[in-house]
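Asker: Just passing along the structure, written as structure tokens.
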Amino acid sequence: MTRKHLLAAAVAAAIAGQAGAAETVRIGELHPITGPASYYGLPESQAIRLAAEQINAAGGLDIGGETRMIEIVSGDTQASPTGGVAALRKLMADGVQIIIGPLSSGVAPALTPIIASADVVQIVDGSIAEGLTDGRRMFRNQATVGDYNLALERLAKARGYDSVAIMTDRFHAGFMESQDDLTAVFSEQGNAVVAEEYYKLGDTDFSGQLTTIAGADPDALIVRGYPSEGALITRQVRDLGYEGQIVWEMVSPPSTVMKNIDAATMEGVLNAIPPTTEDYLNLGNPRAIAMAEAYEATYGSVPGELAALSFDALHIVAAAIEKAGSIEPADIAGAMATLTAAEVPALINTYGAQEDGRLFDETGQVSLPGAVSVWQGEGWVPLTDLAAD
Amino acid sequence: MSLLSVRNISVSFGGIHALSDISFDVPEGVVWGLIGPNGAGKTTLVNILSGLIRPTAGSIAFDGHEDGPWSMSRAVEIGIARTFQQTRAFNGLTVRENLRVAAVAGAGHALDLGIARRLGLEDSLDRVAGELPYALLRRLGVALALSLKPRLILLDEPAVGLTADEIDRMGALIRSMTADGVTVLLIEHNVRFLMSIADRVSVLDRGRLLFEGTPAECQRNPQVIDVYLGRGGEDA
Amino acid sequence: MLEIRDIDVGYGGLRVLQEFSIRIARERPAAVLGTNGAGKTTLCRTLSGLLPVRRGQILFDGEDVTALGSAERVRRGIVQVPEGRQVFPEMSVLDNLRLGAFVHGEPSREEIAEVHALFPILAERSRQNAGLLSGGEQQMLALGRALMTRPRLLILDEPSQGLAPKAVDQVGEAVRRIAARGVAILLVEQNLALAEMVAEHAFILETGRCVRDGPAAELLSGDALAKSYLGI
Amino acid sequence: MHGLTRPLLVSLVVLAAALAAVPLLNEYVLYVAMLAALFAILAVSFDVLLGFTGYLSLAHGALFGVGAYCCAYLTARAEVSFWLALPASALLTAVIGALVAVLAFRTRDLYFAVLTLGIGLVGHQLFLVASGITGGIGGFVGIPSMPEIALFGSPSQQKLVVALIGVWITYLAATAFVRSPLGVACQAVREDHVLAQALGIRIAVARLSAFVFGAFFAGAAGALFATFSNFVAPESFAVLAAGFQVVVLVVVGGMGTLWGPILGAVLLTALPESLRVASTYSLLAYGALLLAFIIFAPRGIAGFLIDGARRLRSARAGREPSA
Amino acid sequence: MLELLPQQLANGLALGSTYALVAMGLTLIFGVLLIPNFAHGELYMLGGFLTYAGVTAGLDFWLAAVLATVLVMGLGVLVDRITFKPLEQASGLSLMISALAMSIVLQQIATITWGTEPRTIPNPVPGILRTPFASLTYHKLLIIAVMVLGAVGLWAILNRTRLGLSIRAVSQNRDAALLMGIEMWKVRAATFAIGAAFGALAGALLGAAFPIYPTMGVIPVLKALVVLVLGGIGSIPGAILGGLLLGVAEVLIAGYISSELQDIGAFVILVAMLLVRPQGLFGRAQIER
């Protein structure tokens, strides 16, 4: 054990030597910056950098009276478990003790054992897989898949669907692991599940499954996965003559949707997930609008759907550091556990407060209940009354 | 008593008779020559004896084993080894490795470099077979077969492409095999060479056994001369 | 017409032709005779440009063609009927003939008719796949295909191999007629039958070297070759 | 086995040097080095089949997964000691490898490659579908760590030490195998299987043993991977991940030598890590480097080094290299 | 369930046609030149992206598709020059690795140019043909038609043109073809261009139904490999029949057995097929080397 401490001391000394006089707070972010998942990962990474720049421009962090700037260190998970672990190890070897991320549910559980045994605090801003947090060192400001399903379940109940069919992306860890719970709730509520079918990311032809589903003609078809397949499934099932309600459960930026399906076919499709960046923009959330404008000015593109979560994650970390007055992971984690939404004024997302007003529950999880929106024209519109359109 | 006894072997490929009703007996300790023009079926016969292809009909007995025709591994097991007309060696391996493969993996005994010495390969042991000069490659082919310590060796045109000196050397080698108790069945185009070392000769023509006798009888036989030079003969 | 000067050809460590030299005149069809492994096919492939020459020169009509590619040699009229005939088995007889004329564009009807006249069987089997022809018919096709190329020198690599004697006679007859049109002939053979019918001059090839040459009548009749082959 | 002395000594020296470097490495480098070592085990075992027997199997990544899941199940669910689970996983993988081999060896060349590709894809799908055992897409969580070895360093250092010793054992076993009568027979199969048969070699036994040998060590590497990561997911064992990766490692390292694949594994694990700084261009650079490499050194690093050494030797001898 | 069978069969034929379309280019290049061009999937991908680029620049879909196809044909020849030509003497394995490397390079060029966001070309033929037994979108009918036309076109090129004559000659006997004065580099370039054209055309057409993104070619090429082996490597009829077989099998498994087992089922069919007929449907028995 002494060896370990020696090593840690040596690393700390090396870092101190590196950082020199203008000491910064190093915060690591782990997202897929390269590879196919970079479409989701890059905006998250950029939103974090944006938030950091804004905080620094406003004078930096006030840590027990001392002012420090934030330095973001990026780690590319390449959306693979080994890539993610290597990136995390690299960040830790560089002395980073505060981690934001990861996005992928396939990466997150690979990081957990390492973070659990290290002096690091983590806030997950992407993965929705169950577990992952412990309320001591590991937190999450993203919804869990259970939160996602909550909206679906309420929708099915309110609409009184007699029969539902479910198409699930079996490469999506979160959706797959919650499949049984979801069908159990549906059955309990009297929404008979008449078909449970699967597909995988990258599939292009779903006609085998969809012909069966269209033949069963359920009141609702629930599609769980990613928007390009969602758009395809929607088109193909309509082509097969299915006329029931189509319900998506997926993060689906309208820009991506519009690149893959025409607006007329999408009209009336429902989506049951927690509100996304786009939703907050549509709702006229001023902080969302400010963030989007700054994002566009900096990166020349619109922020991704998950950008608001990543943006929030950095602000939560910053608030926790200031509250703790320390950059020790244990202190930050302690402050994070007691943080209230009011203490983080920059938050874009509307988190449900815990009973005692805290942001995180005792397992380190925020409450971010799903909501239902409907596709109208060229985008999602929040649905206020579940029982009617 | 004959070492190898071939009875009524026939084989056809796609309706064409490559060999019809071939029978002969090879006594122990001789060099038995087998000649005939291209397409006569000589290599087919070697392929059958070594188990590479199965005949359509007929039986083979060898050294008390009556169960022929047999598989390639069985043939090696009972003491029949062969060489190939287009010399086959393991081209990516060195000479030493080639011999090791034959001795260790094929015959199941240790590498014996005496064979390499006998074939004049001792200076080339570390050369890659694929880069050997032609004559050495042919000798390597024979060395591989000898490494199996066979009782009968089937040599498919060992002298092809060799210079006169090398042919003489090959002839001496073949004679020395019989001295060691190895019986030789020798297919050859170079009739001069064959006649000089064979004890007895069979002539194949279009799948049939045309002649059998001593080399001297063979060279005098007008039918053999005609067939061999590709003059006349009856239609197939 | 064709002059080969001291060429060395080989594969890897193997030297197949060594300091090989011969001269061939248009008006005297020539035969190169040798046993298996003497280097006959290597010689043919070298002349067609499929194998590089390591040393020496090949002159055709006084021009050095040593460095030319196979297509250019074909254009200049060096045409080969390869060993084993090498027809395109899954193509029709007609398509095989068209390929013969490839370097000159589409063959005219007259050209095809001419070949058909020489080999009537090819007209009969025009639409059939070449792979379905008998050995002798395939040899006719290979010859006809070579004629379509408008050869000035026709190299024949063991055309009698695997043929029945009657078919050999037919091939010999055809080659004589081709020679009569002023095409130079280089017949590379193991068997005497065809050479006796066709050649006026002969070379004997042993292990990559030309060991004897002379008028075919002298070299082939009597015992000279029988001695070389049979060792009498 | 007197011929084994030299590889034994040389590899011991290399191993000692590698072990001596372990205390100098930080956690990140330790992790990457550990991955490289596991891939080296995979590559060396795979080379016995690809480089020495001449068969391209794309099912090796799936066999790696069999070992990983087997060890995960044994240690996490059946609570077997890791030191028992490791050989058990390797053995089970060898048995499954034998079944795969019996199927696949009915074909050759590209057909063999595609058939094993199919088997590899089926294996990956089975990891996904058999979620009761494997945890499905969510992965197998909570695999116990290797028991601590009291003698040496931090857990990460211990992992690397075990992995390096694993490479060493694999290398020696592979060396012994390729020099054994079976291994010699495998090379005969690779070079010319008709001649091999004519020499009485039972080619079916030879190539089966090569496949099983490869499967055994792939299983062992998988078991180490599972216990070192505490978590495994099907994605790591997809044909497009480990399945192709191991082919690339062996070909880039140099087929038919046993040290070449180790160099290949080290280089190609280090390369993407060193390209991390280039982020958006890292994959492009990786592809371009790989392309350049295969074009300019088609026989791999080993071939490149051997040629270089030969040229150096003949230059020293003052003559042209002979053809 | 059984009343859905005609619909499922129609689905399967439509899916199978997409496989056949991709596989034809791959099998042509392999059959003629013995090159496993795994980068075919990236030519397919570029066919999709370039058509998309053309359509978003305001071109008519068909014009854009033709332009993209021509561009990708040139690219196919370039891929051969860079990836395979320098390795003429090397083993098939080296060819495979260099193809893999080229795939990565092309994917990354597409990523840098267009990003990884999936997008779909607006469907040029909207609408559905409904019959009492089955209904198919016009787009699927278009793909089946293009597959059939492509096969007929390829047949015509191979059997009715001089170029085709030389390609067939090279595929049957390379040496004899050289003796006819056929120039290898021309055949090589033409084969790659035609093969690439099939990839590009498939990409353009399927991009009007399926999302386009840089790694979209990976799975189709794996499927095409399976199709190749099913049908017999190098055989064009084999590619078509193998493609249709795989498509129908996948759809029927998803429709009647389990969509979770779709991939496993398809590969079990492959394995079973190879065990019964190791050379594929139309393949010649493997030749001893």
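Asker: Scan region E:191-200 and tell me whether some residue there is open to solvent by 10 Å² or more (accessible area, probe 1.4 Å) and under 30 Å from residue C:73 (Cα atoms). Spell out how you get there, then give the answer.
Answerer: We begin by selecting, within region E:191-200, every residue open to solvent by 10 Å² or more (accessible area, probe 1.4 Å); these are E:193-194, E:197-198.
After this cut, where a residue has to be under 30 Å from residue C:73 (Cα atoms) as well, the list is E:193-194.
Among the residues of region E:191-200, at least one is open to solvent by 10 Å² or more (accessible area, probe 1.4 Å) and under 30 Å from residue C:73 (Cα atoms), which makes the answer yes.
Asker: Hey, another quick one. Within region C:28-41, take every residue that is part of a loop (DSSP other than H, G, I, E, B) and at pLDDT 90 or above and give me the one that is surrounded by the fewest Cβ atoms within 10 Å (Cβ to Cβ). Write out each step before concluding.
Answerer: If we filter region C:28-41 for residues that are part of a loop (DSSP other than H, G, I, E, B), which is where we start, we get C:28-29, C:34-39.
Filter again for at pLDDT 90 or above, leaving C:28-29.
Values: C:28: 15, C:29: 27.
Filtering first and then ranking leaves C:28.
Asker: Restricted to region A:247-284, and to residues that are of a type in the set (Asp, Glu) and at pLDDT 90 or above, which residue is surrounded by the fewest Cβ atoms within 10 Å (Cβ to Cβ)?
Answerer: Top of the filtered list is A:267.
Asker: Please identify the pairs in which a residue from region C:5-27 that is surrounded by 18 or more Cβ atoms within 10 Å (Cβ to Cβ) has its Cβ atom under 8 Å from the Cβ atom of a residue that is part of a strand (DSSP E or B) and modelled with pLDDT under 80, counting only partners at least 6 apart or on another chain.
Answerer: Here the result reads C:9/C:15, each pair linking region C:5-27 to a residue that is part of a strand (DSSP E or B) and modelled with pLDDT under 80.
Asker: Taking only region D:104-139 into account, find how many residues are open to solvent by less than 30 Å² (accessible area, probe 1.4 Å), within 7 Å of chain E (Cβ to nearest Cβ) and either small (Gly, Ala, Ser) or closer than 30 Å to residue A:128 by Cβ (or both).
Answerer: 4
Asker: Let me confirm something: among A:362, A:355, which residue is assigned to a loop (DSSP other than H, G, I, E, B), open to solvent by 40 Å² or more (accessible area, probe 1.4 Å) and without any contact (Cβ under 8 Å) to a residue 40 or more places away in the chain?
Answerer: A:355
Asker: Output the strands (runs of 3 or more DSSP E) that fall wholly within region B:170-231 and possess 1 or more residues being open to solvent by 20 Å² or more (accessible area, probe 1.4 Å), or say none.
Answerer: Numbers: elements: B:183-187, B:200-205, B:208-213.
In region B:170-231, the matching strands (runs of 3 or more DSSP E) lie at B:200-205, B:208-213.
Asker: Every residue in region E:185-242 that is within 14 Å of chain A (Cβ to nearest Cβ), under 13 Å from the mean Cα position of the chain (by Cα) and closer than 18 Å to residue E:67 by Cβ, please.
Answerer: The answer is E:202, E:203, E:205, E:206.
Asker: If you check residue C:137 against the conditions, is it closer than 22 Å to residue B:16 by Cβ, at pLDDT 85 or above and away from chain B (no Cβ under 14 Å)? Working first, answer last.
Answerer: Numbers: closer than 22 Å to residue B:16 by Cβ: yes; at pLDDT 85 or above: yes; away from chain B (no Cβ under 14 Å): yes.
Answer is yes for this residue.
Asker: Which condition number in (1) more than 22 Å from residue B:218 (Cα to Cα); (2) assigned to a loop (DSSP other than H, G, I, E, B); (3) of a type in the set (Gly, Ala, Ser) is the one that residue B:10 fails?
Answerer: Of (1) more than 22 Å from residue B:218 (Cα to Cα); (2) assigned to a loop (DSSP other than H, G, I, E, B); (3) of a type in the set (Gly, Ala, Ser), only one is false for residue B:10: (2).
Asker: Tell me which residues, restricted to region C:147-179, are open to solvent by 20 Å² or more (accessible area, probe 1.4 Å) and within 14 Å of chain B (Cβ to nearest Cβ).
Answerer: C:161, C:162, C:163, C:164, C:165, C:166, C:169, C:170
Asker: Is there a residue in region E:134-142 that is of a type in the set (D, E, K, R), buried (at least 20 other Cβ atoms within 10 Å of the Cβ) and part of a helix (DSSP H, G or I)?
Answerer: yes
Asker: Continuing with this model, one more query. Taking the conditions exactly as written (open to solvent by less than 10 Å² (accessible area, probe 1.4 Å), at pLDDT below 95 and farther than 17 Å from residue B:109 by Cβ), does residue D:195 satisfy them or not?
Answerer: Yes.
Asker: Do you know which residues across region C:118-133 are more than 21 Å from residue C:181 (Cα to Cα), touching a Leu at 6+ places or on another chain (Cβ under 8 Å) and part of a loop (DSSP other than H, G, I, E, B)?
Answerer: C:125, C:126, C:127, C:133 - these are the residues of region C:118-133 that are more than 21 Å from residue C:181 (Cα to Cα), touching a Leu at 6+ places or on another chain (Cβ under 8 Å) and part of a loop (DSSP other than H, G, I, E, B).
Asker: If we scan region D:143-160, do we find a residue that is more than 14 Å from chain B (Cβ to nearest Cβ), farther than 30 Å from residue E:228 by Cβ, under 20 Å from the mean Cα position of the chain (by Cα) and open to solvent by less than 20 Å² (accessible area, probe 1.4 Å)?
Answerer: Yes; the residues of region D:143-160 include at least one that is more than 14 Å from chain B (Cβ to nearest Cβ), farther than 30 Å from residue E:228 by Cβ, under 20 Å from the mean Cα position of the chain (by Cα) and open to solvent by less than 20 Å² (accessible area, probe 1.4 Å).
Asker: Out of all the residues in region E:102-122, which are buried (at least 20 other Cβ atoms within 10 Å of the Cβ), assigned to a helix (DSSP H, G or I) and either in contact (Cβ under 8 Å) with a residue 24 or more places away in the chain or touching a strand residue (DSSP E or B) at 6+ places or on another chain (Cβ under 8 Å) (or both)?
Answerer: Across region E:102-122, the qualifying residues are E:102, E:103, E:106, E:107, E:108, E:110, E:111.
Asker: Any idea which of B:105, B:89, B:81 is outside any loop (DSSP other than H, G, I, E, B) and under 20 Å from the mean Cα position of the chain (by Cα)?
Answerer: The unique qualifying residue is B:81.
Asker: Pull up region C:85-100, narrow it to residues that are in contact with an Asp or Glu (Cβ under 8 Å, 6 or more places away or on another chain) and open to solvent by less than 50 Å² (accessible area, probe 1.4 Å), then point me to the one that is farthest from residue C:163 (Cα to Cα).
Answerer: C:98
Asker: For residues in region C:51-64 being surrounded by fewer than 18 Cβ atoms within 10 Å (Cβ to Cβ) and either outside any strand (DSSP E or B) or touching a Cys at 6+ places or on another chain (Cβ under 8 Å) (or both), which is nearest to the other protein chains (Cβ to nearest Cβ)?
Answerer: In this case the residue turns out to be C:54.
Asker: Are there any pairs with C-beta distances below 8 angstrom linking a residue in region B:104-119 that is under 15 Å from residue D:3 (Cβ atoms) to a residue that is modelled with pLDDT under 90 and open to solvent by less than 40 Å² (accessible area, probe 1.4 Å), with the two at least 6 apart or on different chains, and if so which?
Answerer: The qualifying pairs are B:110/B:104; B:111/B:104.
Asker: Related question: If you check residue E:182 against the conditions, is it in a loop (DSSP other than H, G, I, E, B), out of contact with any Pro (no Cβ under 8 Å at 6 or more places or on another chain), of a type outside the set (Phe, Trp, Tyr) and within 14 Å of chain C (Cβ to nearest Cβ)?
Answerer: yes
Asker: Now, a different point. With the structure loaded, tell me whether residue D:164 is within 14 Å of chain E (Cβ to nearest Cβ) and in contact (Cβ under 8 Å) with a residue 40 or more places away in the chain or whether it fails that test.
Answerer: Numbers: within 14 Å of chain E (Cβ to nearest Cβ): no; in contact (Cβ under 8 Å) with a residue 40 or more places away in the chain: yes.
Criteria not met by residue D:164.
Asker: Right, another one. Being among the aromatic types (Phe, Trp, Tyr) and farther than 19 Å from residue B:191 by Cα is the filter here, so list the residues in region B:29-67 that pass it.
Answerer: B:62
Asker: Determine whether residue A:296 is among the charged types (D, E, K, R) and within 30 Å of residue E:208 (Cβ to Cβ). If you could, list the steps in order and put the result at the bottom.
Answerer: Details: among the charged types (D, E, K, R): yes; within 30 Å of residue E:208 (Cβ to Cβ): no.
No.
Asker: If you go through region A:57-77, how many residues are touching a Ser or Thr at 6+ places or on another chain (Cβ under 9 Å) and either more than 14 Å from chain D (Cβ to nearest Cβ) or surrounded by fewer than 17 Cβ atoms within 10 Å (Cβ to Cβ) (or both)?
Answerer: Residues meeting the conditions: 9.
Asker: Could I ask something else about it? State yes or no: is residue E:129 open to solvent by 40 Å² or more (accessible area, probe 1.4 Å), more than 13 Å from chain D (Cβ to nearest Cβ), assigned to a helix (DSSP H, G or I) and touching a strand residue (DSSP E or B) at 6+ places or on another chain (Cβ under 7 Å)?
Answerer: In short, no.
Asker: If you go through region B:16-69 one residue at a time, how many are in a helix (DSSP H, G or I) and over 21 Å from residue B:86 (Cα atoms)? Spell out how you get there, then give the answer.
Answerer: Kept after step one, since they are in a helix (DSSP H, G or I), are these residues of region B:16-69: B:42-49.
Cutting the leftovers down to over 21 Å from residue B:86 (Cα atoms) gives us none.
Total meeting the criteria: 0.
The values are calculated or read from the model by the stated rules, or taken from the named source; none is laboratory data. Quick caveat, the model's predicted, so the values are computed rather than measured. Here the Cβ is made from the backbone with ideal geometry for all residues, glycine too, and neighbour counts use every protein chain on show. What goes into the accessible areas is simple: the full protein's heavy atoms, side chains included, and nothing from ligands, DNA or RNA. Shrake-Rupley method; radii C 1.70, N 1.55, O 1.52, S 1.80 Å.
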